[in-house]
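Okay, so here's the structure we're looking at.
The values are calculated or read from the model by the stated rules, or taken from the named source; none is laboratory data. In this text the structure is predicted, and so the values were computed from the model without any measurement. Cβ atoms come from the backbone with ideal geometry, glycine included; neighbour counts cover every protein chain shown.
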Amino acid sequence: MKFQTRLLHGKSVQSYEAGATVPAISQCNAYSYESSEQLEKVFQNRAPGFAYTRIGNPTVDAFERRVNELEGGMGAIACSSGMSAVTLSLLNILQSGDEVIAGSGLFGGTLDLLHDLEAFGIIVKFIPRVEKALIEPLISEKTKVVFGEIIGNPGLNVMDIRETGDFLHEKGIPLIVDSTTATPYLIRPLEYGADVVVHSTSKYINGSGDAISGIIVDGGTFHWDPERYPGMKEYAKFGKFAYLVKLRNGIWRNMGGCLAPVNAYLNIIGMETLGLRMERICSNALALAQALEQLEGVTVNYPLLKSNPYHKIAGDQFRNKGGGILTIRAGSRERAYAVINRLKYVKIATNIGDVRTLVIHPASTIYLHSNREAREAAGVFDDSIRVSVGIEDAEDLIRDFTEAIKGL
Ligand SMILES: *Cc1c(COP(=O)(O)O)cnc(C)c1O
């Protein structure tokens, strides 16, 4: 089955109760059992079933299975937000004294989080691009994970996953990737050698901007050496499921970052059109980038443009799709604001992956807490505009942006 067919008819799409084509919202905290013995078995994972929604819920479970199938993982754990997914994917394996190597071109919230982790004795070393040549000199025996975004939001640098993963595995280091902007439509990172994939499912997977949520998908392929990851020792017996079992029984449930059932439901409805939306979003984004590239006074960053340094890797890895984000540099902050304020159809809002086209001036919003150096390392300049392209008609978008820029 191809992408959109699998989304609708894949294994994970269960026959829901009474032949329902979408799952019921199991809006309920606790599940009761006939006897103490039965509930005991559920708690011990010796019988299937749900006990308490923070630990597991049927609607959330249905969502986890569907994303897991799209990513080709061993299993998935849904979280209350993308930030929760990023945080817990790391805390599941890290302890004080450990080192992380991460791209400096990460989503602003993730950059802030990595600085927060310093208070817990975790050291983060930043590199401008997540690639072998830059990682190698920073590796020490304390390096426990490399974290990067496949398409950086909003810097739009593209990771060569195969090369990075192969190199890291030789060194016994796992690669965790945030694939929010790439989506499983562009790539299944686990097949390219990533070990764990996280998403802010608030974005493209949800699709209409109506449920904050995140997910962690594990490929089950990384060998967690108990000497290097002491916390993994007691989970080694779960083999390929060690990372997931530790996460589910440990920091994920204990920190309470579960997804609300209604949000899982909204995501399931939303994700059923992921292939359709991404096809339109990617063609709109390329058409818009190509049109704006012709205009004077602005420069455009979009991975698939011939002028872009990531043109080749994006073409190869993503089957000639470039994703839904582009950035425009307008020459100054004033000009950037003027372009944004002149747009007619486009909403000024801090989100991506919506059906509607959204724009934002990242330096004064998402990167407000970063200094200029950190902002510029993330590809955010005073004159940058981030555009999250939606599913409108391309001609309307091109006209709206062209008029806003020409009117400067
Ligand atoms: C939005 C985003 C996040 C954070 O997700 P939330 O759902 O807002 O918590 C993390 N990574 C990337 C790449 C994002 O775009």
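Can you confirm whether segment 123-134 contains a residue that is more than 20 Å from GLU170 (Cα to Cα), modelled with pLDDT under 95, within 12 Å of the ligand (Cβ to nearest atom) and under 22 Å from the mean Cα position of the chain (by Cα)?
The answer is no; no qualifying residue exists.
Could you tell me whether segment 194-202 includes any residue that is touching a helix residue (DSSP H, G or I) at 6+ places or on another chain (Cβ under 9 Å), surrounded by fewer than 24 Cβ atoms within 10 Å (Cβ to Cβ) and not hydroxyl-bearing (Ser, Thr, Tyr)?
no
Being surrounded by fewer than 17 Cβ atoms within 10 Å (Cβ to Cβ) and without any contact (Cβ under 8 Å) to a residue 12 or more places away in the chain is the filter here; which residues of segment 369-380 pass it?
Matches in segment 369-380: ASN371, ARG372, GLU373.
Are there helices (runs of 4 or more DSSP H) fully within segment 12-111 with at least 2 residues that are within 16 Å of the ligand (Cβ to nearest atom)? List them.
Values: elements: 36-43, 58-71, 82-91.
Of the helices (runs of 4 or more DSSP H) lying wholly inside segment 12-111, those with at least 2 residues that are within 16 Å of the ligand (Cβ to nearest atom) span 58-71, 82-91.
Conditions tested, residue by residue: (1) outside any loop (DSSP other than H, G, I, E, B); (2) not hydrophobic (A, V, I, L, M, F, W, C).
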residue	(1), (2)
VAL130	no, no
GLY172	no, yes
GLU191	yes, yes
ALA194	no, no
GLY209	no, yes
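Sort out which residues of segment 307-346 are within 16 Å of the ligand (Cβ to nearest atom) and free of Cβ contacts under 8 Å to residues at least 24 places away in the same chain, and write them in order of number.
Hits for segment 307-346: nothing passes.
Out of all the residues in segment 321-341, is one or more under 22 Å from ARG280 (Cα atoms), surrounded by fewer than 16 Cβ atoms within 10 Å (Cβ to Cβ) and in the same structural domain as ASP396 (by TED's automatic domain parsing)?
Within segment 321-341, none of the residues are under 22 Å from ARG280 (Cα atoms), surrounded by fewer than 16 Cβ atoms within 10 Å (Cβ to Cβ) and in the same structural domain as ASP396 (by TED's automatic domain parsing).
Each row is one residue, and each column tells you yes or no for (1) at pLDDT 95 or above; (2) buried (at least 18 other Cβ atoms within 10 Å of the Cβ); (3) closer than 21 Å to SER96 by Cα.
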| site | (1), (2), (3) |
| --- | --- |
| LYS240 | yes, no, no |
| LYS246 | yes, yes, yes |
| ILE251 | yes, yes, yes |
| ASN254 | yes, no, yes |
| CYS258 | yes, yes, no |
| ASN263 | yes, yes, no |
| LEU266 | yes, yes, no |
| LEU274 | yes, yes, no |
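Among (1) out of contact with any Asp or Glu (no Cβ under 8 Å at 6 or more places or on another chain); (2) among the small types (Gly, Ala, Ser); (3) buried (at least 18 other Cβ atoms within 10 Å of the Cβ), there is one condition GLY231 misses while meeting the rest; what is its number?
The one condition GLY231 does not meet is (3).
Going by what's in this entry, would GLY19 be described as farther than 30 Å from PRO226 by Cα, under 21 Å from the mean Cα position of the chain (by Cα) and modelled with pLDDT under 95?
Values: farther than 30 Å from PRO226 by Cα: yes; under 21 Å from the mean Cα position of the chain (by Cα): no; modelled with pLDDT under 95: yes.
Judged against the criteria, GLY19 is not a match.
What is the residue count in segment 146-176 for residues that are among the aliphatic types (A, V, I, L, M) and within 10 Å of the ligand (Cβ to nearest atom)?
Let us first name the residues in segment 146-176 that are among the aliphatic types (A, V, I, L, M), namely 146, 150-151, 156, 158-159, 161, 168, 173, 175-176.
Checking the rest, the ones that are also within 10 Å of the ligand (Cβ to nearest atom) come to 150-151.
Looking only at that region, the number is 2.
Pick from GLU64, GLU99: which is farther than 28 Å from ILE212 by Cβ and in contact with a strand residue (DSSP E or B) (Cβ under 9 Å, 6 or more places away or on another chain)?
Details: GLU64 fails: farther than 28 Å from ILE212 by Cβ.
Just one listed residue meets the conditions, GLU99.
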